[in-house]
Protein chains: 2
Amino acid sequence: MKGSVKDSTYTEVPEVVIIRLPQYLRTLTRLRNQGIDVVSSRQLGDLIQMTPAQIRKDLSYFGRFGKQGRGYTISGLIKQLRTILALNEEWKVGLVGIGRLGRAILSYPGFSSEGFKIVAAFDSEPSQVGQMVGGIMIQPMHKLAEIISAEGIQICITAVPADFAQSVIDELISSGVKSIVNYAPVGIQVPDDIKLRNIDPVIALQSMTYYIKKGCV
Amino acid sequence: MKGSVKDSTYTEVPEVVIIRLPQYLRTLTRLRNQGIDVVSSRQLGDLIQMTPAQIRKDLSYFGRFGKQGRGYTISGLIKQLRTILALNEEWKVGLVGIGRLGRAILSYPGFSSEGFKIVAAFDSEPSQVGQMVGGIMIQPMHKLAEIISAEGIQICITAVPADFAQSVIDELISSGVKSIVNYAPVGIQVPDDIKLRNIDPVIALQSMTYYIKKGCV
C-alpha cells in the first residue's frame, strides 16, 4: 500500500479519533485473519457502526489511505495504524491492587501478546506483599514511587477499591505515570496532560437494556 | 424539565447513539453530584470529547431536550435517559466462568447498585460447582439452558477462556439470552438480533500509547 502518512506531530487530532483507531485496528486485524485483503469505508463502517464519511475523516488526519473507489488495503492500513499508535514497541505497565481482579489481570494473556508487559505490581495488604503472581513479586505501596521511577513506567492499571482509587492515581501521577487504565467504578479527576481510561462493564450493560425493553432483540 | 419524549418504538436509532447514552448519563450524574443543575451541549461535549452538534443530534432522536441557549436541565435529562435505557427496573444477569475474573465480577458492587443483579453463575470445573460465591451457588454447565430459561435471564456476562467463549455464547443464545458482555479477548460472532459488548482493556491501552510516543503527556 502506498498511502502517505502525514507528520501529525503538530496537527491536533481530536482524542475521540485516537480512541477509535484501536477499534479500527482490531476490526481490520479480524478481517485480515479471515483472509480478506481490501475493505471499503462502507464495509468497515457497517462492522464498526460508524458512517463511512466519519471513518474517512478520522483516517484523513494521518494522511491519504486507500484509493478512491478501491477501498483500503487491509495489511497496509494495519501497519500504518500500528505505527501511528506506537504499537511496534514493548510498553512497561505497572499494576496497583492485587485482589481478585488484579490477579485476573496479572494472569490475562492478552496484554503481553499485544506488547504491554506488566513489570511491577503493588498492593497495600501486608499479607500480599512478597507473593509471586504470574512471575511478578508483589511490592508494598511505599515502594511505588521508587519502582515506577526506576523502571520508567509510564502506563499503569489500577484495580483498587473505589475509595482508594483517587489517592492511588494521584500518587501514580506524581511518580511520573502518564496513562492510567482504571477499573474502580468511580469518577476520577486527573490533570489535562494525563490520559485516563475507565473500564466499566456497567456502561456496556446499560446500552443493551434499551434493546431488550424495545423487544428488538 | 419539560422536554417531550418521542415514541422511538418505530424510529431507527443508530446503535452507536444508544451506546453513547450511558456515557452521557454517567457524566450527567457526576455533574449532578457536584451540585450542578444545568449544562450546555458545549460543556457536555468538552467533558465527553464530542462536538456539541453531535450531542444535540444524538438526543434529538428521543425528542426535544433543553431550551435553545439555556442548556439541559441535568436532573430532567438524567430521568429521561434512564427511562429511554430502561434502567428503572431490576435486570437479572447470568455469569459464566467463575475463575479469578468471574469471582472478581461476582464480588463487584457496581452491578447491583445500578440495577443489574447476578442471579445465576456457571462453571465447567467440577471442583467449583456447588461452591457459594457472593451469595450465589455455582452451577454446572449442563444446567445452563434450564436455569437461564427458568429464571428468564436475558443478559449474561462471559468470563471464560478465549477458546471456549464462542461455544459458551452460542449456548447462551440458544437458551434465550439476548445481550452478552464478553470478557474473552477474542472475536465473537453473534446473529444480528443479539447484542454483544466486549470488555477489552487492550483497546484502552492502545489509545494512550499514541500520546506517550508523541510526548504530549
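What do you reckon, is residue A:71 more than 14 Å from chain B (Cβ to nearest Cβ) and either free of Cβ contacts under 8 Å to residues at least 40 places away in the same chain or touching a helix residue (DSSP H, G or I) at 6+ places or on another chain (Cβ under 7 Å) (or both)? Write out each step before concluding.
Details: more than 14 Å from chain B (Cβ to nearest Cβ): yes; either free of Cβ contacts under 8 Å to residues at least 40 places away in the same chain or touching a helix residue (DSSP H, G or I) at 6+ places or on another chain (Cβ under 7 Å) (or both): yes.
Criteria met by residue A:71.
Condition test on residue B:72, is it outside any helix (DSSP H, G or I) and buried (at least 17 other Cβ atoms within 10 Å of the Cβ)?
Working: outside any helix (DSSP H, G or I): yes; buried (at least 17 other Cβ atoms within 10 Å of the Cβ): yes.
Yes; evaluated as a whole, the condition is true for this residue.
Residues to consider are A:96, A:133, A:119, A:39; find the one that is over 30 Å from residue A:158 (Cβ atoms) and in contact with a helix residue (DSSP H, G or I) (Cβ under 8 Å, 6 or more places away or on another chain).
Numbers: A:96 fails: over 30 Å from residue A:158 (Cβ atoms); A:133 fails: over 30 Å from residue A:158 (Cβ atoms); A:119 fails: over 30 Å from residue A:158 (Cβ atoms).
Step by step, each of A:96, A:133, A:119, A:39 is checked, and only A:39 is over 30 Å from residue A:158 (Cβ atoms) and in contact with a helix residue (DSSP H, G or I) (Cβ under 8 Å, 6 or more places away or on another chain).
Hand me the list of strands (runs of 3 or more DSSP E) wholly inside segment B:84-179 holding 3 or more residues that are in contact with a strand residue (DSSP E or B) (Cβ under 8 Å, 6 or more places away or on another chain) and either touching a residue at least 60 places away in the same chain (Cβ under 8 Å) or open to solvent by 60 Å² or more (accessible area, probe 1.4 Å) (or both). Explain how you work it out, then say what you get.
Details: elements: B:91-96, B:116-123, B:136-140, B:155-158.
Correct list: B:91-96, B:155-158.
It is to be established whether one or more residues within segment A:133-152 are modelled with pLDDT of 95 or more and facing chain B (nearest Cβ under 8 Å).
no
Residue-wise test of (1) at pLDDT 90 or above; (2) over 16 Å from residue B:84 (Cβ atoms); (3) touching a Lys or Arg at 6+ places or on another chain (Cβ under 7 Å); (4) open to solvent by less than 10 Å² (accessible area, probe 1.4 Å).
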site: B:7; (1), (2), (3), (4): no, no, no, no
site: B:10; (1), (2), (3), (4): no, no, no, no
site: B:15; (1), (2), (3), (4): no, no, no, no
site: B:29; (1), (2), (3), (4): yes, no, no, no
site: B:35; (1), (2), (3), (4): yes, yes, no, no
site: B:41; (1), (2), (3), (4): yes, yes, yes, no
site: B:46; (1), (2), (3), (4): no, yes, no, no
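Looking at the structure I just gave you, is residue A:117 charged (D, E, K, R) and farther than 19 Å from residue A:18 by Cβ?
yes
Scan segment A:31-46 residue by residue and report those that are over 13 Å from residue A:75 (Cβ atoms) and touching a Gly at 6+ places or on another chain (Cβ under 7 Å).
Matches in segment A:31-46: A:40 only.
Suppose we filter A:111, A:122, A:116 for residues that are in contact with a Leu (Cβ under 9 Å, 6 or more places away or on another chain) and farther than 25 Å from residue B:161 by Cα; which single one remains?
Values: A:111 fails: farther than 25 Å from residue B:161 by Cα; A:116 fails: farther than 25 Å from residue B:161 by Cα.
Answer to the check: A:122.
Can you pull out every residue in segment A:180-197 that is more than 8 Å from chain B (Cβ to nearest Cβ), crowded, with 18+ Cβ neighbours inside 10 Å and not in a loop (DSSP other than H, G, I, E, B)?
If the condition is that a residue be more than 8 Å from chain B (Cβ to nearest Cβ), crowded, with 18+ Cβ neighbours inside 10 Å and not in a loop (DSSP other than H, G, I, E, B), then A:180, A:182 are the ones that fit.
Based on what the data block shows, is residue A:107 over 22 Å from residue A:31 (Cα atoms) and either outside the structural domain of residue A:141 (by TED's automatic domain parsing) or not hydrophobic (A, V, I, L, M, F, W, C) (or both)? Give the derivation first.
Values: over 22 Å from residue A:31 (Cα atoms): yes; either outside the structural domain of residue A:141 (by TED's automatic domain parsing) or not hydrophobic (A, V, I, L, M, F, W, C) (or both): yes.
Criteria met by residue A:107.
Taking into account only those residues within segment B:53-69 that are of a type in the set (Gly, Ala, Ser) and assigned to a loop (DSSP other than H, G, I, E, B), which is surrounded by the most Cβ atoms within 10 Å (Cβ to Cβ)?
In this case the residue turns out to be B:66.
The values are calculated or read from the model by the stated rules, or taken from the named source; none is laboratory data. Computed from a predicted structure; not experimentally measured. Neighbour counts run over all protein chains shown; Cβ positions are idealised from the backbone, glycine included. These accessible areas exclude ligands, DNA and RNA; they are computed on the full protein's heavy atoms, side chains included. Shrake-Rupley method; radii C 1.70, N 1.55, O 1.52, S 1.80 Å.
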